[in-house]
Amino acid sequence: MSAPEEEIDRLYGLPLDEFTRGRDELARRVRQDGDADGAAAVKQLRKPTLPAWVVNQLARQRELDMQRLLKAGEQLAGAQVAAIRAHTGDALLDARRDQRHALEALAARAREILVEAGRGPAVLDRVLSTLRAGSLTEEGRALLKSGRLTEELEPPGFEALAGLDMPAAPAGRAKAAPASEARRRVRDLRRELSALEARAAAAERRAEQLREELRDAEAEAGRLEEERRRAEEELAAAERDLKR
């Protein structure tokens with residue numbers, strides 16, 4: 001009898017440092033139940049990279065935000081297709097906005113997860129890149145939703161769009177653009193989208209930095225206010241002593 005799915009789900013929800021021990025323990029129990037093949041399959045389960053592990057935790061802890069991201073990613077992928085076919089980007093901008101909002105919510109929790117795990121925020125960009133890339137394809141969305149990711153995901157390339165039917169030319173013009181022109185159009189749009197993604201990621205990082213600076217400033221203001229109150233109390237006590 002192979003390992004139950006809920007056992008494997010539990011395994012990928014463990015703290016990262018406990019994964020290997022938990023996997024080996026699960027394999028041992030499956031082997032003791034008489035399923036050597038199932039035990040071997042469990043032993044082959046790969047330990048997630050740190051960014052993949054954070055994404056898995058987000059899938060468990062922020063299910064609603066993850067669903068929003070997956071929906072936004074599906075809409076964004078469709079908007080990219082529409083932009084290539086119709087040469088318009090209105091839907092693309094709307095989908096990009098929805099994706100950004102979902103990523104902001106997930107980024108905030110991802111930073112907390114890293115802090116709670118005693119890890120630095122250096123991998124946060126790779127977490128967001130994986131979330132963004134995975135949301136754009138059906139396979140990637142399934143991986144994000146499963147919570148069993150083992151490695152980072154790469155954004156879909158030209159091959160994901162190469163099969164698109166390009167729009168026919170209007171009446172009175174050439175019947176169809178040459179294939180080279182269609183490929184050039186796709187390449188240019190992909191380059192533009194990549195640039196926009198890079199700018200959006202930079203803006204997200206800057207926004208998080210500003211939020212962190214704001215938190216630090218608020219903490220400093222609270223500390224100074226406490227010192228001010230203490231100084232006032234000491235002054236009042238000293239003035240009372242003078243009047244005695």
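The values are calculated or read from the model by the stated rules, or taken from the named source; none is laboratory data. None of these values were measured; they are calculated from a predicted model. All Cβ positions, glycine included, derive from the backbone under ideal geometry; neighbour counts span all protein chains shown.
Going through 197, 181 one at a time, which residue ends up being at pLDDT below 65, surrounded by 11 or more Cβ atoms within 10 Å (Cβ to Cβ) and over 28 Å from residue 17 (Cβ atoms)?
Numbers: 181 fails: at pLDDT below 65.
Step by step, each of 197, 181 is checked, and only 197 is at pLDDT below 65, surrounded by 11 or more Cβ atoms within 10 Å (Cβ to Cβ) and over 28 Å from residue 17 (Cβ atoms).
Spot the failing condition for residue 47; the list is (1) under 18 Å from residue 127 (Cα atoms); (2) part of a helix (DSSP H, G or I), and only one is missed. The failed condition is (2).
Do we have any residue at all in segment 53-72 that's surrounded by 23 or more Cβ atoms within 10 Å (Cβ to Cβ), assigned to a helix (DSSP H, G or I), touching a Lys or Arg at 6+ places or on another chain (Cβ under 8 Å) and at pLDDT below 90? Checked segment 53-72: no residue is surrounded by 23 or more Cβ atoms within 10 Å (Cβ to Cβ), assigned to a helix (DSSP H, G or I), touching a Lys or Arg at 6+ places or on another chain (Cβ under 8 Å) and at pLDDT below 90. Within segment 34-46, can you find the residues that are exposed (fewer than 13 other Cβ atoms within 10 Å of the Cβ) and in contact (Cβ under 8 Å) with a residue 24 or more places away in the chain? Result: 34, 37, 46.
Residues in segment 200-236 that are at pLDDT below 70 and among the charged types (D, E, K, R) were compared, and the one that is farthest from residue 125 (Cα to Cα) is 208. For residue 157, are the conditions met, namely being modelled with pLDDT under 75 and within 26 Å of residue 123 (Cβ to Cβ)? The answer is yes for residue 157. Does residue 132 satisfy the condition of being surrounded by 17 or more Cβ atoms within 10 Å (Cβ to Cβ), in the same structural domain as residue 74 (by TED's automatic domain parsing) and over 12 Å from residue 56 (Cβ atoms)? Answer is yes for this residue.
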